[in-house]
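First the structure, in the form of structure tokens, and then the observations on it.
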């Protein structure tokens, strides 16, 4: 592991300026909030920073929730989000996604910004193969070990986005507030995450000197229900094989509006607009939920070893929609 310098800014703007100045000098700069993913990347020599910018001193870990919505600081831990009473009550899908991540020890340090921005866990990338994510010109999973790879939106890279909370944030129509050396900006979750085209090395729209400062959630409409369901290949410390974040705006037994987003199946959180249209304005019945499940896999392009994700996805959407609709 090569030597690196530590920087300890007091504000996010100062952190962004340090990154900008470092890049101008040709240095590799990494941000560290909880640092759980960064430590792994450094150990695996996938990232070799000259400067690590420690964000802890910025103290941006607050969570506020009220009638106008909620704001979550980028350094809020997944444990804090999962335990927050107002988030559990009004944004259950996010609290459930946060508490599904890894282990209690990791959730105690891992931050929401870090979880949303973590790098892929594809074994080819993590083991240093010269794949698209490592700046190469090949996705080895196409003809190799691909049982956990994308069935939607793949090409040229077939990684799946690893974040549980990102799936929930897209279902909630969240807005990410982004800080850089210049003026702050905002990005809605549906525009923040990017497919491997045109730049296969990136998963989001952040520049090298930008970071997620906070996340804003709109106030839920009356009658809104939400949940997050996740299928894993083992019980702990792993990512979703398939997951579903579902938000239903209910008026009695009629769904006025639906948001359905999948995780574990695409290089970004994968929204299902046709399923949302099917459910909106309808009474949710077992038959309609089954139609939603069938529609959820339309357009999927599985690889040789991940065709099993098709029935998993179909049944997860069906089960999650009908279970949520039947809650009182």
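Values quoted throughout were computed directly from the atomic coordinates according to the rules given, and no laboratory measurement underlies them. Predicted model only: the values in this text are computed from it and were never measured. Counting neighbours? That spans all protein chains shown, and the Cβs are built from the backbone with ideal geometry, glycine included.
Most fluctuating residue of 95, 236, 168 in a GNM of the chain with Cα springs under 10 Å: which is it?
236
Percent antiparallel among DSSP beta bridges with both residues in region 1-99, to the nearest 5?
Counting DSSP beta bridges with both partners in region 1-99, the antiparallel share is about 35 percent.
Using a 10 Å cut-off on Cβ atoms, rank the peptides 185-196, 56-67, 155-166, 108-119 from the highest mean neighbour count down.
Descending mean neighbour count gives 155-166, 108-119, 185-196, 56-67.
Just to confirm the number: angle between the C-alpha axis of helix 286-296 and the first principal axis of the chain, 0 to 90 degrees, nearest 10?
It is inclined by approximately 40 degrees.
Rounded to the nearest 10 degrees, what's the angle between the helix 12-24 long axis and the longest principal axis of the chain, both from Cα atoms, 0 to 90?
Between helix and principal axis, roughly 60 degrees.
Please state the shape class of region 205-328: rounded when a/c is under 1.5, otherwise prolate if a/b exceeds b/c and oblate if not, all from the C-alpha gyration tensor.
Because a/c hits 1.5 or more and a/b fails to exceed b/c, region 205-328 counts as oblate.
Under the rule a/c < 1.5 gives rounded, and otherwise a/b versus b/c splits prolate from oblate, where does region 39-104 land using the Cα gyration tensor?
oblate
Distance from a point 7 Å along Cα→Cβ of residue 102 to each backbone N in region 35-79: keep the residues under 12 Å and list them by number.
From region 35-79, the list is 35-41, 77-79.
At 0.36 nm per residue, and after removing the present C-alpha to C-alpha distance, how many nm does the segment from residue 24 to residue 85 gain when stretched out fully?
Here the segment from residue 24 to residue 85 would lengthen by 17.6 nm.
Just to be sure I understand the model, the point goes 7 Å from the Cα along the line to the Cβ. What's the resulting residue 11 to residue 234 distance in nm?
Rounded to a tenth, the inter-label distance reads 4.5 nm.
Identify which of 100, 182, 36 has the largest mean-square fluctuation in a Gaussian network model of the chain, with springs joining Cα atoms closer than 10 Å.
Of 100, 182, 36, the most mobile in the Gaussian network model is 182.
Report the calculated FRET efficiency for residue 221 and residue 3 (r = Cβ-Cβ distance, R0 = 51 Å), to the nearest 0.05.
Plugging the Cβ-Cβ distance into 1/(1 + (r/R0)^6) gives 0.45.
Can you tell me how region 1-56 classifies by the Cα gyration tensor, rounded, prolate or oblate, using a/c under 1.5 as the rounded cut?
oblate
Which of these values of semi-axes √(5λ) of the Cα gyration tensor in Å was calculated from the structure shown: [x] 33, 25, 16; [y] 29, 23, 21; [z] 38, 26, 17?
Answer label, from the structure shown: [x].
Full-extension gain between residue 39 and residue 301, please, as 0.36 nm times their residue separation minus the C-alpha to C-alpha distance.
Residue separation times 0.36 nm, minus the Cα-Cα distance, leaves 90.9 nm.
In nm, to one decimal, how far is the modelled label at residue 205 from the one at residue 121, with both set 7 Å along Cα→Cβ?
Taking the simple label geometry, residue 205 and residue 121 are separated by 2.7 nm.
Compute the angle between helix 309-325 and the longest alpha-carbon principal axis of the chain, please, reported from 0 to 90 degrees and rounded to the nearest 10.
Once rounded, one gets 70 degrees.
Could I have the simple spin-label model distance between residue 327 and residue 197, label points 7 Å from Cα toward Cβ, reported in nm to one decimal?
Result for the modelled spin labels: 3.7 nm.
What residue among 17, 150, 289 shows peak mean-square fluctuation when the chain is described by a Gaussian network model with Cα springs under 10 Å?
With Cα springs under 10 Å in the chain, the top fluctuation among 17, 150, 289 is at 17.
Could you list the residues of region 244-272 with an amide nitrogen less than 19 Å from a label point located 7 Å from the Cα of residue 280 in the Cα-to-C-beta direction?
Zone members listed by number: 245-262, 270-272.
With contacts defined as alpha carbon pairs under 8 Å and 6 or more residues apart, what's the relative contact order of region 239-328 in percent?
28 percent
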